[in-house]
Amino acid sequence: MMMATTNSIPAMVAAETRSHTLKTMALPQIVTIGVYGFDEARFFQRLREAKVDLFVDIRRRRALRGARYAFANSRRLQARLAELDIRYEHRLDLAPSNRTRQIQDIYDRINKHTKRERTHLSSAFAEAYRRECLTHFDIHNFLASIGPDVKTIAFFCVECEPRACHRSLVAEQFADVGAPVVHLFP
């Protein structure tokens, strides 16, 4: 029992040190964006206006059905971002598993609204997502991996309303360490 406590002290000190380091360093601005409600021109205009350097796609499946949002399908999206000199990164570790997504799907079905009509995440989904993805997500390591030149990071999924999407939970993590967060709308 004593050994577990002793082993956890260095981990606690390391976590506190990382947290302090994050709060004292210059953090990039975080923006979030969904595709629903945008047309192609407005979507990329909003990214340019926000001066996004790094676009982080946190979708599990990177394709959308239909012509209206075809510009957000992975290959077309990456090609357009490259034209705009915006770096693209896919972070599957920040995409909810199918099992966690099912929690939200059940909640939506019970409350009789579609994914596009959803205004918020269920508390059960949020809890499962935090446990599944965010407990393993180290902001310090993430920021170190992207380099010091990135000033604005966009976290992307599909829902228009940030509170209806897991990207808002990722943004909360950054806000908790002092990063400014802005949600982009059509």
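Checking the structure you have, find out if any residue of region 128-138 is aromatic (Phe, Trp, Tyr), outside any loop (DSSP other than H, G, I, E, B), touching a helix residue (DSSP H, G or I) at 6+ places or on another chain (Cβ under 9 Å) and more than 25 Å from Ala50 (Cα to Cα).
yes
Please enumerate the residues belonging to region 112-155 that are in contact with a Ser or Thr (Cβ under 9 Å, 6 or more places away or on another chain), under 20 Å from His90 (Cβ atoms) and not aliphatic (A, V, I, L, M).
Tyr129, Glu132, Cys133, Phe155
Scan region 99-154 residue by residue and report those that are small (Gly, Ala, Ser), closer than 22 Å to Pro180 by Cβ and loosely packed, with under 14 Cβ neighbours inside 10 Å.
Residues satisfying the conditions are Ala144, Ser145, Gly147.
How many residues does region 80-106 hold that are in contact (Cβ under 8 Å) with a residue 12 or more places away in the chain, within 17 Å of Val158 (Cβ to Cβ) and either part of a helix (DSSP H, G or I) or in contact with a Pro (Cβ under 8 Å, 6 or more places away or on another chain) (or both)?
Residues meeting the conditions: 8.
Looking at this structure, is Arg18 surrounded by fewer than 17 Cβ atoms within 10 Å (Cβ to Cβ), in a helix (DSSP H, G or I), in contact with a helix residue (DSSP H, G or I) (Cβ under 8 Å, 6 or more places away or on another chain) and modelled with pLDDT under 95?
So Arg18 fits the description; yes.
The values are calculated or read from the model by the stated rules, or taken from the named source; none is laboratory data. Model, not experiment: these values are computed from the prediction. Ideal geometry is used to build each Cβ from the backbone, glycine not excepted, and the neighbour counts take in all protein chains shown.
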